[in-house]
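So the structure is just underneath, and the comments pick up after that.
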Amino acid sequence: GELVLGHVSVLTTFIMSPDGRYIITADRDEHIRVSWYPQGFNIESYCLGHEKFISAIHIPRHSPSHLISGGGDSVLKVWDWMAGTL
């Protein structure tokens, strides 16, 4: 395989953006990172706000500008993932 990107913490989940231009990753330290693909070292945004690990992320087909995340804090958050805002 090819190294695309690295995280300081353990990755818990990842997805590709619908257009294939970004890889969106989540980790045990409450971070969601939006990176260019395949240049994973170029970071577009962070989605920060969970209080515990993130275990699931999803981009709805009917609303590709939004990202839904959930994890150990029992909260679902809906993000504008390009801006990194709720």
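The values are calculated or read from the model by the stated rules, or taken from the named source; none is laboratory data. These numbers come from a predicted model, not from an experiment. FYI the Cβ positions are ideal-geometry reconstructions off the backbone, even for glycines, and counts take in every protein chain you see.
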Open item on the list: Quick check on my filter: what residues within the stretch 15-43 are crowded, with 17+ Cβ neighbours inside 10 Å and either in contact with a Pro (Cβ under 9 Å, 6 or more places away or on another chain) or not in a loop (DSSP other than H, G, I, E, B) (or both)?
Closed with: 17, 22, 23, 24, 25, 26, 27, 31, 32, 33, 34, 35
Open item on the list: Cβ contacts < 7 Å: first residue within 18 Å of residue 28 (Cα to Cα), restricted to the stretch 73-86; second residue surrounded by 12 or more Cβ atoms within 10 Å (Cβ to Cβ) and among the β-branched types (Val, Ile, Thr), any location; separation 6+ or different chain. Result?
Closed with: 76/68
Task: Members of the stretch 25-62 that are under 18 Å from residue 73 (Cα atoms) and among the β-branched types (Val, Ile, Thr) - done: 25, 32, 54, 57
Task: In the stretch 44-76, the residues that are among the hydroxyl-bearing types (Ser, Thr, Tyr) and either outside any strand (DSSP E or B) or buried (at least 20 other Cβ atoms within 10 Å of the Cβ) (or both) - done: 63, 65, 69, 74
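Do we have residue 13 as farther than 14 Å from residue 82 by Cα and at pLDDT 95 or above here?
So residue 13 fits the description; yes.
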Open item on the list: Restricting to the stretch 56-84, name every residue that is touching a Cys at 6+ places or on another chain (Cβ under 8 Å) and among the hydroxyl-bearing types (Ser, Thr, Tyr).
Closed with: 69
Open item on the list: Looking at the structure I just gave you, is residue 4 surrounded by fewer than 16 Cβ atoms within 10 Å (Cβ to Cβ), in contact with a Pro (Cβ under 7 Å, 6 or more places away or on another chain) and more than 15 Å from residue 75 (Cα to Cα)?
Closed with: yes
TODO: Specify which of the listed residues (28, 21, 33) is closer than 16 Å to residue 81 by Cβ, among the charged types (D, E, K, R) and in contact (Cβ under 8 Å) with a residue 24 or more places away in the chain.
DONE: 33
Open item on the list: Residue under question is residue 50, and the condition is that it be of a type outside the set (Ser, Thr, Tyr), closer than 15 Å to residue 84 by Cβ and modelled with pLDDT of 95 or more; does it hold?
Closed with: yes
